Amino acid sequence: MGGWYWLGSAAGRRTIHTGMVRLPVVGRLSRSYITARVMRVLGVLLEGKVVLLDALKLARASSGNMLYDRLLEQAEEQVTRGETMSACLGGSPLIAGTVVEAIRSGERTGQLGPVLVSVADYLDEENELVVKTLTGIIEPVILIGLGLVIGFMAISMFLPLFDLTSMAKGGG
């Protein structure tokens, strides 16, 4: 019960969200998924002529991770002060450098919405490829594990029968 209570607290959620972002393989995939979601929300909102500050608030709500929430809140504050969004996101390990460069390019050209949508499309395609690759790697391991479990169960079921048969032949 204490574990569930702790996971429901702010410290527990922060620990889980930090772990999800920093784990070796899962962290990279998690960062990429969250970045794609945030970029898609921002891009669609900006294409729909929503003000950047409002779009950042809505994207912050859709991130689903406290670290990204804090990052987007900082970006919102810096944009309010007149700085570029790419300047804030560029200093964070949560956003890849290529994404920051694409944002910088979109800010220069005035086409930030379409650039963010295309970045999100690219990240989604990349994520799908990574998941397919990981699934392809994990499938043989799962099959070998299942084979070992089933083999152990079969041997444990038939071994007493073999013992009974050998005792019946030897005692007869």
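The values are calculated or read from the model by the stated rules, or taken from the named source; none is laboratory data. Nothing here was measured: the structure is a model prediction, and the numbers come from that model. Every residue, glycine as well, gets a Cβ built from its backbone with ideal geometry; the counts of neighbours run over all protein chains shown.
The requirement of being assigned to a helix (DSSP H, G or I) and β-branched (Val, Ile, Thr) is satisfied by residue 103. Count of the stretch 121-147 residues, restricted to those that are out of contact with any Ser or Thr (no Cβ under 8 Å at 6 or more places or on another chain) and surrounded by 14 or more Cβ atoms within 10 Å (Cβ to Cβ), is 3.
Take the conditions (1) over 14 Å from the mean Cα position of the chain (by Cα); (2) under 21 Å from residue 125 (Cα atoms); (3) buried (at least 18 other Cβ atoms within 10 Å of the Cβ); (4) hydrophobic (A, V, I, L, M, F, W, C); residue 44 misses just one of them, which is (3).
When residues in the stretch 113-172 are screened for being in a helix (DSSP H, G or I) and either over 42 Å from the mean Cα position of the chain (by Cα) or more than 30 Å from residue 47 (Cα to Cα) (or both), 40 of them pass. Remark: pairs (first residue in the stretch 1-24, part of a helix (DSSP H, G or I); second residue among the small types (Gly, Ala, Ser) and surrounded by 10 or more Cβ atoms within 10 Å (Cβ to Cβ); Cβ separation under 7 Å; 6+ apart in sequence or on different chains) = 6/12; 20/27; 20/30; 21/27; 21/30.
Residues that are part of a helix (DSSP H, G or I) and over 18 Å from the mean Cα position of the chain (by Cα) were ranked within the stretch 47-70; the one that is surrounded by the most Cβ atoms within 10 Å (Cβ to Cβ) is 55.
Here's the yes/no breakdown for (1) modelled with pLDDT under 90; (2) of a type outside the set (Lys, Arg); (3) at negative phi:
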| site | (1), (2), (3) |
| --- | --- |
| 22 | yes, no, yes |
| 26 | yes, yes, yes |
| 30 | no, yes, yes |
| 36 | no, yes, yes |
| 44 | no, yes, yes |
| 47 | no, yes, yes |
| 63 | yes, yes, yes |
| 72 | no, yes, yes |
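Quick test for you: out of 83, 73, pick the one residue that is part of a helix (DSSP H, G or I) and out of contact with any strand residue (DSSP E or B) (no Cβ under 6 Å at 6 or more places or on another chain). Only one candidate qualifies: 73.
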